[in-house]
Amino acid sequence: MTKTAWVFPGQGSQALGMGVDLANLPIAQEKYAAAETILGWSVLDICTNAEDKLSSSLYTQPSLYVVESILVDLMRDRHQQPDLVAGHSLGEYVALYAAGVFDFEAGLQLVKYRAELMNTVAGGQMTALIGFNREQLDAQISATPDVVLANDNSDGQVVISGTPEAVESVIAAIKVKRAVKLNVAGAYHSPFMEPAQAEFQKALDAVPFTDAIVPVLSNTDPTPETKAEALKQRLSKQMTGSVRWREIMLQLPQEGIESVVEIGPGKVLANLIKRACSDLAVENISTAADLPA
């Protein structure tokens, strides 16, 4: 049997219309109704009509969690099951749901609170860098206060996070092919998130985790783990820690993974994996039409 990993994209992969084609499926209807009770607003309405809101963390993060979780349920309904899971930033919550660590409602409550807290952090900047010398970048970040490597996505694409002055200082000091400022409220995945993380920890402590049914590769520790307490500790560090996606990708073949399915809108993770691990078979499940028969 082919060993398969399921991976889940995070904020930035959202798209107007995502999840709308699932609305007539009973599994999806149940989840959309449960989500509206928890959130106080309709994910379907946001994904159908509100492109401005869909770009805001308050709406983006819960909407992605709900749509990706429904796709997980639909995959399971078709007798599909992964051998390993991982998610990029917000996507880690869907990975934990897919691994049976918490139920849909508990995960959504955490994501809702996470989004609210992250939306309160202002004054920071995140910028994606494409095409650079890794050693030069690492050295410059080490030499510059108030900036960190937030998302280590691949050899040629990262995101740095910190004060606007520090971020711009790093960019000015290195050769980079392209720098793209991200439309986010604050310096996510950096020490500047510590006040929000401290508040989030209280909510996280109150949610019971169970051991995962398949190993999870976490953002802050890209090694396989199934123990509930370890997975909770890893998640507690995620808001202030770096997303180590490059290492997660390289770990996949080490775990005997031969096939990867990106579950969620877009093909960001699939494209990164194709470039990093060309021997892996990669596919996307983003709509009902993509689901196996």
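The values are calculated or read from the model by the stated rules, or taken from the named source; none is laboratory data. Keep in mind the model is a prediction, meaning the values are calculated, not measured. Cβ: placed from backbone, ideal geometry, glycine included. Neighbour counts: every protein chain shown. Just the protein is used for accessible areas: all its heavy atoms, side chains included, with ligands, DNA and RNA removed. Shrake-Rupley method; radii C 1.70, N 1.55, O 1.52, S 1.80 Å.
The table that follows gives values for the structure above.
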item	result
Loop trypsin sites (Lys or Arg not before Pro), the range 136-207 (other Cβ atoms within 10 Å of the site Cβ: 14 or fewer; DSSP)	Lys175
Additional length obtainable on full extension of the chain from Arg134 to Asn49, 0.36 nm per residue less Cα span	26.5 nm
Listed residues Arg114, Arg234, Arg76, most fluctuating in the chain (Gaussian network, C-alpha, under 10 Å)	Arg76
Cross-link pairs beyond the 18 Å C-alpha cut-off, checked among Lys53/Lys267; Lys202/Lys237; Lys112/Lys202; Lys31/Lys112	Lys53/Lys267
Nearest 10 degrees, 0 to 90: helix 194-205 Cα axis against the chain principal axis	20
Whichever lysines have a C-alpha closer than 18 Å to that of Lys274, once near sequence neighbours (fewer than 8 apart) are set aside	Lys3
In degrees, nearest ten, helix 104-120 long axis to first principal axis of the chain (Cα)	30
Accessible surface, 1.4 Å probe, highest first, among residues Ile130, Ile70, Ile38	Ile130, Ile38, Ile70
Computed [θ] at 222 nm, helices only, for the chain once each DSSP H run of length n ≥ 4 contributes -39500 (n - 2.57)	-13500 deg cm²/dmol
Folded to 0 to 90 degrees: helix 164-173 orientation relative to the chain principal axis, Cα	70
Rounded percent of accessible protein surface that carbon and sulfur make up, the chain, 1.4 Å probe	49
Residue among Thr120, Cys277, Ile248 farthest towards the positive dipole end of the chain, charges placed on Cβ	Cys277
Label selected from (1) 142; (2) 122; (3) 158, the criterion being volume of the Cα convex hull per residue in Å³ as computed here	(2)
Accessible surface, the chain, averaged per residue in Å² (probe 1.4 Å)	42
